[in-house]
Amino acid sequence: METIDSILDRRIEICQPSEGYRFNADSIILSRFVGGSRRFNNILDVGAGSGLISVLLNYLYNYDNIDAVEISSKMYECLLKTLNINNLNNVVKPFNMDLKRFKPSKPYDMIISNPPYRKSHTGRQCILDEENRARFNDNLNLDDILKFCRSYLKNKGLFYFCYEADLAVEAFYYCRKYGIEPKRVRFLHPDIDKPARQIFLECRKEGGIELKVEKPLFQKIKGVETREYKNIFTNEDS
């Protein structure tokens, strides 16, 4: 069974399984983090799931040449329905395959991913395989994605992703291992007195070592949701 869910004041509709993995706030924040100041000609969405990031990149910034790779057949079916619902069949090209077997005929100037973070032995196992793939990196990890970026991201091309804050050292290590230098980072805190929960990173292939640390994003301040965080999920400017 599937559901059709609306976001951004019902401007976008996403098809997703009624049980198992369903999109969360991370992908929406990551899409907003990209910003619209650059023009990308060829974009790849890795682990596209139900298509949320691909649809947001088109809706927010009018990017119109996006490839979306998703390994799960069930999620891929949702991706196809999402593209159809939002009239994006001529904008987003879907691929149902493992990234490690994906051999594109062109390089990308931007790659984006909300990757699985943890190994399966470090957290609660889910009943459904799709949910486990989204949560755990046994089948696809950041090292795999960055290895792909090294081969198929243009020089000076950008890679965007989010990661758990307590694994930030791992994220920086793998980026630098493949010459995909972190250039901009933002930390998400659940409250002003809480440690960061996630990081959002912009990295450049063959970039310099300078890093811009943006002001923190607070979900709440003293228990009250901030306007900046709330506006990420609406059509208002943050």
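The values are calculated or read from the model by the stated rules, or taken from the named source; none is laboratory data. Given the structure is predicted, the values throughout are model-derived calculations rather than measurements. Because the Cβ atoms are built from the backbone with ideal geometry, glycine has one as well, and the counts that use them run over all protein chains shown.
Is there a residue being in contact (Cβ under 8 Å) with a residue 60 or more places away in the chain and within 18 Å of P115 (Cα to Cα) anywhere in region 200-209? Yes, there is a match, as at least one residue in region 200-209 is in contact (Cβ under 8 Å) with a residue 60 or more places away in the chain and within 18 Å of P115 (Cα to Cα). Residue check: is D67 under 26 Å from P182 (Cβ atoms) and surrounded by fewer than 21 Cβ atoms within 10 Å (Cβ to Cβ)? Yes, satisfied.
The single condition from (1) under 22 Å from the mean Cα position of the chain (by Cα); (2) closer than 22 Å to I111 by Cβ that N231 fails is (2).
The rows are residues; the columns are (1) at pLDDT 95 or above; (2) under 17 Å from the mean Cα position of the chain (by Cα); (3) under 21 Å from K147 (Cα atoms).
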{"position": "G51", "(1), (2), (3)": "yes, yes, no"}
{"position": "F102", "(1), (2), (3)": "yes, no, yes"}
{"position": "D109", "(1), (2), (3)": "yes, yes, yes"}
{"position": "P116", "(1), (2), (3)": "no, yes, yes"}
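Those residues that are of a type in the set (G, A, S) and closer than 30 Å to K230 by Cβ, I need them from region 159-211; list them, please. Within region 159-211, A165, A168, A171, A196 meet the criteria. The condition (being closer than 29 Å to I7 by Cα and aliphatic (A, V, I, L, M)) is satisfied by just one residue among I192, I180, I209: I192.
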